[in-house]
1. Only one of these conditions is not met by residue 343: (1) over 16 Å from residue 312 (Cα atoms); (2) touching a strand residue (DSSP E or B) at 6+ places or on another chain (Cβ under 6 Å); (3) assigned to a strand (DSSP E or B). Which number is it?
2. Would it be correct to say that residue 435 is in a loop (DSSP other than H, G, I, E, B) and in contact with a strand residue (DSSP E or B) (Cβ under 6 Å, 6 or more places away or on another chain)?
3. With the structure loaded, tell me whether residue 238 is within 19 Å of residue 323 (Cα to Cα), modelled with pLDDT under 95 and surrounded by fewer than 16 Cβ atoms within 10 Å (Cβ to Cβ) or whether it fails that test.
4. With respect to residue 356, is the statement that it is over 29 Å from residue 274 (Cα atoms) and part of a loop (DSSP other than H, G, I, E, B) true?
5. Any residue that is under 26 Å from residue 215 (Cα atoms) and in a strand (DSSP E or B) - is there at least one of those in the range 286-298?
6. Looking at 165, 112, which is the one that is modelled with pLDDT of 95 or more, out of contact with any helix residue (DSSP H, G or I) (no Cβ under 7 Å at 6 or more places or on another chain) and either closer than 30 Å to residue 554 by Cβ or assigned to a loop (DSSP other than H, G, I, E, B) (or both)?
7. Could you tell me whether residue 63 is modelled with pLDDT of 95 or more, over 20 Å from the mean Cα position of the chain (by Cα) and surrounded by fewer than 22 Cβ atoms within 10 Å (Cβ to Cβ)?
8. Tell me which residues, restricted to the range 174-188, are touching a helix residue (DSSP H, G or I) at 6+ places or on another chain (Cβ under 6 Å) and either assigned to a strand (DSSP E or B) or crowded, with 22+ Cβ neighbours inside 10 Å (or both).
């Protein structure tokens, strides 16, 4: 984000693609590995690249700043008397509840694996939890009494990913999806809570999920054709008919819910606009509801009685929400909310009266509130805390930009410590994952510790990021990435020229996770010399081997973004950092999780081995008990201390 490892310089045989280095003429070197996950890497490899013992000032500071943990959004109970939420205060993500605003939190789940809260039943008796093992993302589904106690397994299979969808309105059934029949396809299942029997509702081919449901059993389904493009269908269990409604022969983005009128949908799409807007749809006709607003409506929810709609809006990385009566479409007055850079919509209670909200700032931990949509009261339920930490040094992020080489302004959020306003400080540029994601001005321990240690912290939203309209997010699809990948280098060019003091340019480091890790590897290889040191976390090394070995259900979604290995291999090779390994000349740190199902750990070994063979400096750390990212508290502290010490060594 080794492997029964057919990697080491081709010694053990090569069945994968031949990767040619553009900078070394016809030279070819076989680079290959097989599969993903913990079983794809030997114990010898895990031991060789195990995380070193952590200690010292950076580790202690990371431990301290990780105590500034905020609770998750939370889901209100149907009667509004409880709030269920996830929290990492124990060092691992678990489910908690409070029984009144600012009440004492009660821990609901435990164990060494992270637990994720998914839903609360409409009758208030049950909560749904998902769990995987050591970050492998092979999630199982579990039920627990809303009062706590033992956890009941609903569905769990090795090498199968299951996701909760919804409770039936009468709370008798739990619906979920799982790739139980084919690793690349998800079908819909129904679990009877009383007799504990599971039945398949509809078997499907492809990546499917449930958008909404009707009391008579009809399902509104979405088929993902890529990470953005999808189609919408209705499934009738009485007739077993699957009817295409939207997007079947298109390459568009659709998100839909049933309206209160029979045959009518509420549809969020950017088909008719650069930004996603909301429409009423019936029998193929679209009627605009929100109109062109110039900002992204990133998502919406509707109450179960179909009377109110809650919109989430994204204005250049700043989030807020609005609540509307559906008919007539009327904006509801809401309490004024102050002192928050971001207001994120959370979850509705089953009856639709209570809505959880997260108020977030880029210089302090977030807090959770609950809004009563009937009497418009607004109460804090979950506060933040800063034990033994003085946050007076933390600064708010500023929205700035830098010019790409074609003149396009690229937005970036900048955390500039006060001391760096008067003296030259090193700069860390952090590229987000996705790539269809967005950096926002949020609070994080990594940003905080880098500020504390005198680094300017920068998070760009290069072309391909979400939140800036369709043209922006589509700008890097497949072969178009060749035209905009230079946004990575242009950030460094601008910083060196514009942030210099007394003729001296700052040293610059680059980092990122997942696609951001890929961006870091591109920065250090294809654009060698633009950055002085780089950290790649769970990053892609070769787009070809990545697409060969990532989890099957993800492969088709990623091909639409990066390109098809069968027809666009040349483009994928031009965009793969491994092909520029001989150009790397500055220190590189690679961090990965052994159980990662998205970006196989073999990608980390490919780059590390290739860079070392080319004579440059590369260090590799593999967390045996982590997947696509680092979840566990102790591992997070280690990772932060590693990257901080790495940047201090090479940039100061």
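The values are calculated or read from the model by the stated rules, or taken from the named source; none is laboratory data. Computed from a prediction, not measured in an experiment: that's the story for all the values here. Virtual Cβ from ideal backbone geometry, glycine too; neighbours counted across all protein chains shown.
1. Among (1) over 16 Å from residue 312 (Cα atoms); (2) touching a strand residue (DSSP E or B) at 6+ places or on another chain (Cβ under 6 Å); (3) assigned to a strand (DSSP E or B), residue 343 violates only (1).
2. Taking the combined requirement at face value, the residue does not satisfy it.
3. Answer is no for this residue.
4. no
5. yes
6. Being modelled with pLDDT of 95 or more, out of contact with any helix residue (DSSP H, G or I) (no Cβ under 7 Å at 6 or more places or on another chain) and either closer than 30 Å to residue 554 by Cβ or assigned to a loop (DSSP other than H, G, I, E, B) (or both) holds for just one of 165, 112, which is 165.
7. no
8. Correct list: 179 only.
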